[in-house]
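Report on the following structure.
The values are calculated or read from the model by the stated rules, or taken from the named source; none is laboratory data. Just so it is clear, the model here is predicted, and its values are computed rather than measured. Positions of Cβ are backbone-derived with ideal geometry, glycine not excepted, and every protein chain shown enters the neighbour counts.
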Amino acid sequence: MCLAVPGKIMQITEGDAITRIGRVSFGGIVREVNLAFVPEAVMGDYVLVHAGVAINAIDEPEAKQVFEYLQEIYGGDIPGDAER
Amino acid sequence: MKFIDEYRDPEAVRRYADEIARITTRSWTIMEICGGQTHSIVKNGLDCMLPDKITLLHGPGCPVCVTSAAMIDKAIALASRDDVIFCSFGDMLRVPGSRRDLLSVKADGGDVRMVYSPIDAVHIAEKNLDRRVVFFAIGFETTAPANAAAVYYARQKGIDNFSMLVAQVLVPPAIEKILNAPDCRLQGFLAAGHVCTVMGYAEYEPIAEKYRIPIVVTGFEPLDILQGIHMTVWQLEQGRARVENQYSRAVKRAGNLPAQKLMADVFETVDREWRGIGLIPKSGLALRPAYRKFDSEAVFDIAAPDPEIVGECISGLILQGRQKPSDCPAFGKRCTPEHPLGATMVSSEGACAAYYAYRQKESPHIKPTSGKH
């Protein structure tokens with residue numbers, strides 16, 4: 001129910017704050033999505049879409065941290081050590 | 001698909017599982033809040049990859065499961081009216097009220113429609129001005145912005161034949177309810193990633209501090225969940241208890257401010273009855289008085305619901321992490337997805353449905369299913 005799917009903005013139709021609509025591609029399947037809550041998002045950005053509404057843009061630099069964290073711990077250093 | 005497939009890499013999954021085993025020295029019990037996480041854990045067998053010392057309990061984060069039978073009875077009463085087009089997310093249609101479900105109303109000729117977005121329901125109202133369109137607004141904080149946008153749009157455009165039956169619920173009061181139980185054995189939480197995408201995680205910081213419990217905001221893919229567990233276990237092993245964010249590609253501490261602003265304009269906090277759990281103070285959202293004419297409970301005269309018949313279903317205990325689906329004597333025998341006794345077997349995110357679909361080994365008496373939810 002709280003599923004949200006990442007998709008790429010292909011087109012934006014400017015409307016007022018609540019009717020800002022975009023066409024978003026989910027691996028090639030394109031759907032109309034309400035973009036009212038991601039006013040900063042532009043074409044080419046990835047957004048997380050839930051119930052026809054984009055609930056946030058994906059922070060692409062942060063998307064790698066799952067692997068960076070793994071690299072850090074697998075390399076022998078335990079994260080959080082620096083904070084102790 | 002980008003931002004999904006890379007978080008399912010089997011080698012990275014194995015390494016995370018190894019690392020969790022390496023740092024775990026004591027027994028820890030952790031709850032994932034969200035039904036989407038439960039589904040991912042059971043489907044991918046992530047719990048089976050963890051050391052025996054770590055127990056995962058499944059939480060109440062399935063809005064379909066916690067919507068009260070009384071609220072479903074109201075939905076059924078509205079859907080049965082000749083002048084109503086009743087719109088709902090598909091998951092809700094098969095959940096039993098006190099006597100029947102919405103799908104049976106549809107089978108009897110009721111105009112019950114499944115929608116993907118609440119905004120679609122408003123468009124149905126625009127195209128059917130001679131009918132009254134009701135949308136069943138269920139969901140946690142993740143869904144609240146979409147529901148708020150729909151009713152805001154209807155008010156802006158003067159679409160007066162649209163209304164919402166609001167059954168919105170909030171996560172933090174449910175976490176506190178679980179933590180306040182005298183027999184609570186939880187030591188850590190994976191907070192629900194998409195709820196926090198909307199709300200941020202500052203509101204969890206006082207809970208982590210008050211109950212001395214680590215809370216890690218966690219995503220939904222296998223690597224997200226294993227990293228969330230690793231971060232939680234590491235805090236526990238170190239004796240720390242604070243809020244951390246595993247799902248930083250989608251979640252910021254402040255959350256989505258435009259979404260929160262519209263939610264605050266449209267909704268106010270109310271006490272809410274949770275199915276199987278009971279009344280939780282300030283755990284729900286209802287429409288503000290300015291939206292009264294879009295509130296189905298205000299604009300329709302709905303008959304009082306029948307009292308719920310309490311059978312052998314233990315979904316209330318399952319939703320609070322006090323029992324597992326396999327603990328239930330009816331599981332897979334008298335209770336199946338085709339003939340569910342409770343909502344946790346109906347919803348694709350219910351813990352019982354996930355165990356039924358993916359855990360044949362633990363329950364040899366049930367037949368394998370080919371269908372995936």
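Residue B:279 falls short on exactly one of the conditions (1) in the same structural domain as residue B:77 (by TED's automatic domain parsing); (2) of a type outside the set (Phe, Trp, Tyr); (3) part of a loop (DSSP other than H, G, I, E, B), and that condition is (3). Of all residues in the range A:51-72, those satisfying the criterion of being aliphatic (A, V, I, L, M) and at the interface with chain B (Cβ under 8 Å from one of its Cβ atoms) are A:51, A:53, A:55, A:58, A:63, A:66, A:70. Of the residues in the range B:50-57, none is within 14 Å of chain A (Cβ to nearest Cβ), part of a loop (DSSP other than H, G, I, E, B) and more than 18 Å from the chain's Cα centre (by Cα). Among the conditions (1) part of a helix (DSSP H, G or I); (2) modelled with pLDDT under 95; (3) loosely packed, with under 15 Cβ neighbours inside 10 Å, residue B:309 misses just one, which is (1). Scanning the range A:1-25 for residues that are at the interface with chain B (Cβ under 10 Å from one of its Cβ atoms) and either over 19 Å from residue B:198 (Cβ atoms) or touching a residue at least 40 places away in the same chain (Cβ under 8 Å) (or both) yields a count of 11.
Does residue B:232 qualify as being outside any loop (DSSP other than H, G, I, E, B), surrounded by 23 or more Cβ atoms within 10 Å (Cβ to Cβ) and either more than 11 Å from chain A (Cβ to nearest Cβ) or in contact with a Lys or Arg (Cβ under 8 Å, 6 or more places away or on another chain) (or both)?
Numbers: outside any loop (DSSP other than H, G, I, E, B): yes; surrounded by 23 or more Cβ atoms within 10 Å (Cβ to Cβ): yes; either more than 11 Å from chain A (Cβ to nearest Cβ) or in contact with a Lys or Arg (Cβ under 8 Å, 6 or more places away or on another chain) (or both): yes.
So residue B:232 passes the test.
Do we find that residue B:249 is facing another protein chain (nearest Cβ under 10 Å), farther than 21 Å from residue A:37 by Cα and not in a helix (DSSP H, G or I) in this structure?
Details: facing another protein chain (nearest Cβ under 10 Å): yes; farther than 21 Å from residue A:37 by Cα: no; not in a helix (DSSP H, G or I): yes.
It is false that residue B:249 is facing another protein chain (nearest Cβ under 10 Å), farther than 21 Å from residue A:37 by Cα and not in a helix (DSSP H, G or I).
Given the criteria crowded, with 23+ Cβ neighbours inside 10 Å, on the phi < 0 side of the Ramachandran plot and at pLDDT 90 or above, does residue B:302 qualify? No; evaluated as a whole, the condition is false for this residue. All conditions in (1) surrounded by fewer than 24 Cβ atoms within 10 Å (Cβ to Cβ); (2) farther than 25 Å from residue B:248 by Cα; (3) more than 14 Å from chain A (Cβ to nearest Cβ) hold for residue B:163, with the sole exception of (1).
Only residues that are over 26 Å from residue B:315 (Cβ atoms) and either crowded, with 22+ Cβ neighbours inside 10 Å or within 14 Å of another protein chain (Cβ to nearest Cβ) (or both) were counted in the range B:86-117, giving 2. Of the residues making up the range B:85-118, those that are under 23 Å from residue B:150 (Cβ atoms) and small (Gly, Ala, Ser) are B:88, B:90, B:110, B:117. Screening residue B:326 against (1) in the same structural domain as residue B:57 (by TED's automatic domain parsing); (2) part of a helix (DSSP H, G or I); (3) in contact (Cβ under 8 Å) with a residue 24 or more places away in the chain leaves a single unmet condition, (1). Here the condition is being surrounded by 22 or more Cβ atoms within 10 Å (Cβ to Cβ), part of a helix (DSSP H, G or I) and at pLDDT 95 or above; of B:227, B:260, it holds for B:227 alone. Taking the range A:26-64 as the range and being in contact (Cβ under 8 Å) with a residue 12 or more places away in the chain, touching a Ser or Thr at 6+ places or on another chain (Cβ under 6 Å) and not in a strand (DSSP E or B) as the test, only A:52 passes.
Scan the range B:175-193 for residues that are of a type in the set (A, V, I, L, M, F, W, C), in contact with a helix residue (DSSP H, G or I) (Cβ under 8 Å, 6 or more places away or on another chain) and part of a helix (DSSP H, G or I) and jot them down.
Pass one, the range B:175-193, residues of a type in the set (A, V, I, L, M, F, W, C): B:175, B:178-179, B:181, B:184, B:186, B:189-192.
Restricting the remaining residues to those that are in contact with a helix residue (DSSP H, G or I) (Cβ under 8 Å, 6 or more places away or on another chain) gives B:175, B:179, B:184, B:186, B:189-192.
Listed by number, the residues that qualify are B:175, B:179.
Consider the range A:26-40 and keep the residues that are touching a strand residue (DSSP E or B) at 6+ places or on another chain (Cβ under 7 Å) and buried (at least 17 other Cβ atoms within 10 Å of the Cβ). The one that is nearest to residue B:153 (Cα to Cα) is A:34. No other residue among B:220, B:294, B:267, B:300 is facing chain A (nearest Cβ under 9 Å) and under 21 Å from residue B:138 (Cα atoms) apart from B:220.
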